[in-house]
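See structure below.
No lab work stands behind these numbers, since they all come straight from the coordinates. In this text the structure is predicted, and so the values were computed from the model without any measurement. For neighbour counting, all protein chains shown are included, and Cβ atoms are generated from backbone atoms with ideal geometry for every residue, glycine included.
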Amino acid sequence: MTDHAKLKAWVDDMAQLCQPDEVVWLDGSEQERKKLEDEAVTTGELLRLNEEKLPGCFYHRTDPKDVARVENLTFICTSKEEDAGPTNNWMKPSEGYAKASEIFKDSMKGRTMYVIPFSMGPVGSSFSKIGVQLTDSIYVCLSMRIMTRMGQTVLDALGSDGEFTKCLHGKADLNPERRLILHFPEDNAIWSVGSGYGGNALLGKKCLSLRIASWLAKQEGWLAEHMLILGLEKDGKTRYITAAFPSACGKTNLAMLIPPEGLKHKGYKITTVGDDIAWLRQGPDGRLWAVNPENGFFGVAPGTNSKSNPNALATAQKNTIFTNVVFDTEHKTVWWEDGEGEAPKQALDWLGRPWKEGITYEDGKPVKGAHPNSRFTSPISQCPAASNKIDDPKGVPIDAMIFGGRRARLAPLVYETLSWDHGVYAAATVASERTAAQYGKQGEVRRDPMAMLPFCGYNMGDYFAHWIKMGKKTPKPPKIFHVNWFRRDKDNKFLWPGFGENLRVLEWVIERCEGKGEAEETPIGFVPKKGALDMTGLDLPEGTMEQVLEVNPEEWKAELEDHKKFFEKFGSKLPKELREQLTALEERLAAVPA
Ligand code: SAT
Ligand code: MN
């Protein structure tokens, strides 16, 4: 399969440590897929779903204590603590290897170690990076088949001495006390042990494509970002936008949005390039171009229905792995809260317990059938909105970048920043209320710069400086916008309907990029002028648009105090350009007559 001596030696070393009964190299063939599926069904790791209703689909449950990323057990292991920075957990590389080795030691006895060669990005593209993951989980193998390009073609591209990220993964005993997600950027290596769940175990995703890639991107002069990529097509022309939001804030929904009735006559179509990660580089034309390094979606199931996201629902009708949703035992199908159709009559919940809609705990709270972070894993090519550029090695040129979080107050529906540096400032101070994709108190507001807080593989102060530098060296950078779909009124009701209606905002964003679109300058940036958003077919109660677009200088002044506190974390690493932006914003706010 390969004559890459270093790769073979590394696989031998890791097998020596983990002591699997067998080492199996995966070639990515169809035959191999069937074999892995059959084996996982035999062991109970996967349940085969109804072949007529959900062809090629499987059901999987994770351990009840292994249902989300674990930020407290995720470490950046660099020689110097300063290189991990104040927002990451840090461990010395020698300590990381020693601690994890103890857990990995002999952990694959009685199991098979699979070798998965994978490419993040189209095989052979100058954007792409190759990784090789070792794992003792067939669920992980089958998920990596969906989420990445993998197999013999990748080994061929790697040749006999190509660079690759060494990714070691093992479930061990799935004990949260013996779980570690370690990144060794100086060695281009990832060691993850004790979890079988998504972002902890599919090492091509957050571990490689964001944490390790952001480190590489800094050295090599590009950007690895937690962003969806969408195309907005009209009159035969497509404009591309990236958007960064914290996990579980609707990136997947926005990436494959369906135009609302009222705007149908304009002939817009959204095409999906990616829903989670973007790698961006300067193209020969001086613009930033982006590829989606992934090849599939790992989408949140609850809330996905034919209204919120018909494209995602259509994507997940075949060749999909469902994790921690409700299992309909009668029809061998799946269901989740706020999904499609009625809840099944005979079902097991994500914990495998008999479940019916309406049952409650002793305190009267409803028992949810699906875990709030339950997922579907589907090939991107099955998405009805999939862009014809997903395999283009050049990527797509980006006109606009959007950042946003979940803010009940303060941030208007949309604003355009005044310059690249101001855009970086707005992105660096993004804040959001915590969601189910992270362990911790839901609802709590935290700063999440560029939606990268849990994913930046190095000192975030240096990361901000890298962003500033990228703006200086890019002749035609995209415009930067900030959005907030989640603003609420004084009765705590959402002001903006979201979903397909968000196209109205995207339309204005593109108009602004084309030098059109009416805007009003406020201290925080340009907001749409009254009437600048096309509201055809959307009747909101009187005064709603004023509220959702309002910029309140007093509230912003208070917010700025929090920005200052947040920036203090980075000490001398904070680039002076961000300090200058803060002062300038402060002055603009002070100049507003009371
Ligand atoms: O668990 S993942 O990191 O893969 C998904 C997410 O949190 O966005
Ligand atoms: Mn994500």
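Numbers at a glance
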item: Over 18 Å (Cα to Cα) - which of 35/206; 109/171; 264/529; 129/166; 264/530 fall in this group; result: 35/206; 264/529; 264/530
item: When the convex hull of its Cα atoms is projected in every direction, mean area for the stretch 134-227 (nm²); result: 6.8 nm²
item: Given charges at beta-carbon only (K, R positive; D, E negative), |dipole| of the stretch 297-382 in Debye; result: 240 debye
item: Cα-based Rg / Dmax (Å) for the stretch 520-594; result: 16.2, 51
item: q = 0.06, 0.08 Å⁻¹, the chain: log10 I(q)/I(0) [Debye, one scatterer per Cα]; result: -0.30, -0.54
item: Cα centroid separation - the stretch 341-408 against the stretch 159-231, whole Å; result: 23 Å
item: Dipole moment magnitude, nearest 20 debye, the stretch 200-280 about Cα centre, only Lys, Arg, Asp, Glu C-beta charged; result: 80 debye
item: Gain on full stretching of the segment that runs from residue 31 to residue 177 - 0.36 nm per residue minus C-alpha separation; result: 48.8 nm
item: Angle between the chain longest axis and helix 553-568 axis [Cα atoms, degrees, rounded to 10]; result: 40 degrees
item: Cα-projected label distance for residue 388 with residue 157, points at 7 Å along beta-carbon direction, nm; result: 2.2 nm
item: Backbone N within the stretch 355-391 under 13 Å of label point (7 Å from residue 340 Cα along the Cβ vector); result: 383-384
item: Cα long-axis angle, helix 93-104 against the chain (0 to 90 degrees, to the nearest 10); result: 50 degrees
item: Charge dipole magnitude, Cβ of K and R +1, D and E -1 - the stretch 143-208, Cα centre, debye nearest 20; result: 380 debye
item: Among 105-111, 117-123, the order from most to least packed when residues are scored by Cβ within 10 Å on average; result: 117-123, 105-111
item: Charge-dipole axis of the chain as Lys and Arg at +1 and Asp and Glu at -1 on Cβ define it, positive-most pick from 471, 133, 506; result: 471
item: Rounded FRET efficiency, nearest 0.05, which uses the C-beta distance separating residue 446 from residue 572 and R0 of 22 Å; result: 0.40
item: Residue 22 paired with residue 368, simple spin-label distance in nm, labels 7 Å along Cα-to-beta-carbon; result: 3.9 nm
item: Mean ellipticity per residue at 222 nm, deg cm²/dmol - from DSSP H runs of n ≥ 4 across the chain, formula -39500 (n - 2.57); result: -7500 deg cm²/dmol
item: Relative intensity, log₁₀ I(q)/I(0), of the stretch 297-382 from a Debye sum that treats every alpha carbon as a point, q = 0.19 Å⁻¹; result: -0.80
item: Counting all C-alpha pairs of the stretch 63-136, share separated by more than 21 Å (%); result: 55 percent
item: Formal net charge of residues neighbouring residue 472 (Cβ-Cβ distance under 10 Å; K, R +1; D, E -1); result: 0
item: Within the stretch 385-401: backbone nitrogen closer than 19 Å to the residue 419 label point (7 Å, Cα to C-beta); result: 401
item: Protection proxy ranking of 224-231, 535-542, 551-558 - average other beta-carbon atoms within 10 Å, highest first; result: 224-231, 551-558, 535-542
item: Pairwise FRET efficiency - residue 102 versus residue 409, Cβ, R0 = 30 Å, nearest 0.05; result: 0.05
item: Spread of Cα-to-Cα distances over 10 Å intervals beginning at zero, given as percent, for the stretch 2-117; result: 11, 25, 34, 23, 7, 0
item: Lysines with Cα under 20 Å of residue 34, excluding same-chain neighbours fewer than 8 positions away; result: 53, 318, 332
item: By average C-beta atoms within 10 angstrom, highest first, the peptides 385-395, 206-216, 343-353; result: 206-216, 385-395, 343-353
item: Projected label distance in nm at residue 584 and residue 356, using a 7 Å step from Cα toward the beta-carbon; result: 6.3 nm
item: Neighbourhood net charge (12 Å Cβ-Cβ; Lys/Arg +1, Asp/Glu -1) for residue 265; result: +1
item: Residues residue 534 and residue 314, FRET efficiency given R0 of 35 Å [Cβ-Cβ distance, rounded to 0.05]; result: 0.85
